[in-house]
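Below: one structure, written as structure tokens.
The values are calculated or read from the model by the stated rules, or taken from the named source; none is laboratory data. Just so it is clear, the structure is predicted and the values come from calculations on it, not from any experiment. Here the Cβ positions follow ideal geometry from the backbone for every residue, glycine too, while neighbour counts run over all protein chains shown.
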Amino acid sequence: MGSAFRMALMMTVLLCIPSYLSQSQPVEQNSEPIQGQLLDVRYLSYECLTASTCEPTQPDHLIEYFSAVWCDPCLQVSDQLNNHSENISVILQHHPSALDETFLSDSKLRFDLEYRLLFYPSIVVDGSFLLTGSRQAMDLNTTMDNSTTNWSGFDSIEYVNGTLSWNASTGEVVRIWQLEPTPHTSLNRTHTNLARQLVTVPLNASSVTIETRDLPANTTFVVMLENEGIRQLSAGSLAPTGLVDVSPDDDMATAQVSSLSPSNLALIVAAFLIALLAPAFVLQRNIMVGGRQQDVPTRQAEE
């Protein structure tokens with residue numbers, strides 16, 4: 001009775017799996033991820049914010065640096081970026097790790113969903129090129145030299161008496177990152193350009209108020225014109241990654257589980273059930289073979 005029940009259960013599950021796959025597979029094949037894009041960038045310095053009127057500058061390059069306080073290799077990369085001498089580049093540091101006191105959820109969404117990164121430290125140059133680990137970070141200048149940015153989209157943008165207004169010919173959203181010098185929580189050092197707040201507004205809003213009355217000294221803003229979606233990043237260096245600090249185990253486990261597609265999950269369940277019910281197959285076969293062997297002597301005796 002037990003073996004028959006197990007076989008019936010297995011057959012029911014195996015018959016349901018193809019139906020589940022047939023329902024989930026077309027959706028997976030037909031749905032393509034929406035491609036995002038960084039179109040234009042502007043930078044508001046602290047001097048610009050404290051003036052009554054100014055025009056945000058357009059940097060040659062945008063360096064987005066993803067790090068964590070507990071990440072030892074990040075200290076080396078931070079020192080490298082602090083000594084970065086190019087004034088024409090803007091550095092935006094993110095703390096996406098929930099283990100940090102300076103964690104910002106908007107930075108985590110950019111790390112996980114938009115750039116789909118896995119490791120600290122990681123550097124994204126101009127929203128297009130990825131450098132992973134302290135060794136590849138050493139190639140930052142080479143990556144920027146080989147990258148030609150064509151920022152466009154903001155036809156005009158200005159800051160007047162606490163209001164940032166713009167006209168744009170393309171794009172979907174305007175993201176305004178507030179950067180503040182922030183003391184390290186355990187070491188005698190400072191995160192120079194750490195993202196502490198994000199304001200996202202639709203493109204057609206055309207303006208947003210920036211409250212400067214209580215801003216900490218040397219606060220700056222990075223204004224991005226973007227199309228929302230997943231970014232396709234290219235390798236910015238062919239060097240080995242060197243010292244790479246992986247995200248905490250709980251974050252990695254969540255990322256791995258969420259990356260399983262429905263079809264792969266169904267196949268894993270099917271394989272597990274087959275392995276679980278294999279002894280029932282063997283037992284059922286032995287019973288059937290034993291029954292046939294007993295039936296042969298009985299027939300011979302009757303003859």
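Residues that are farther than 26 Å from SER128 by Cβ and either of a type in the set (Ser, Thr, Tyr) or crowded, with 18+ Cβ neighbours inside 10 Å (or both) within segment 50-76 comprise THR50, SER52, THR53, VAL69, listed in sequence order.
Residue selection: GLU101 fails the criterion of being surrounded by fewer than 20 Cβ atoms within 10 Å (Cβ to Cβ), among the acidic types (Asp, Glu) and out of contact with any Ser or Thr (no Cβ under 9 Å at 6 or more places or on another chain).
In the set (1) touching a Lys or Arg at 6+ places or on another chain (Cβ under 9 Å); (2) at negative phi, the condition left unmet by THR132 is number (1). Since ALA4 meets every condition but one in (1) modelled with pLDDT of 95 or more; (2) exposed (fewer than 14 other Cβ atoms within 10 Å of the Cβ); (3) among the small types (Gly, Ala, Ser), which condition does it not meet? Every condition holds for ALA4 apart from (1).
When the residues of segment 170-196 are filtered to those that are surrounded by 12 or more Cβ atoms within 10 Å (Cβ to Cβ) and free of Cβ contacts under 8 Å to residues at least 24 places away in the same chain, the one that is nearest to ASP214 (Cα to Cα) is PRO183. Considered as a group, the residues in segment 170-210 that are in a loop (DSSP other than H, G, I, E, B) and among the aliphatic types (A, V, I, L, M) include one that is nearest to GLY36 (Cα to Cα), and that residue is ILE210.
Restricting attention to segment 211-225 and to residues that are modelled with pLDDT of 90 or more and not in a strand (DSSP E or B), the residue that is nearest to ASP40 (Cα to Cα) turns out to be THR219.
Does TYR159 satisfy being crowded, with 22+ Cβ neighbours inside 10 Å and more than 21 Å from the chain's Cα centre (by Cα)? Considered against the rule, which asks whether it is crowded, with 22+ Cβ neighbours inside 10 Å and more than 21 Å from the chain's Cα centre (by Cα), TYR159 comes out as yes.
The condition of being modelled with pLDDT under 95 and within 20 Å of HIS94 (Cβ to Cβ) holds for only one of THR192, THR200, THR148, THR170, that being THR192.
Among the residues of segment 92-114, none qualifies, meaning not one is over 22 Å from GLN197 (Cβ atoms) and either in a helix (DSSP H, G or I) or of a type outside the set (Val, Ile, Thr) (or both).
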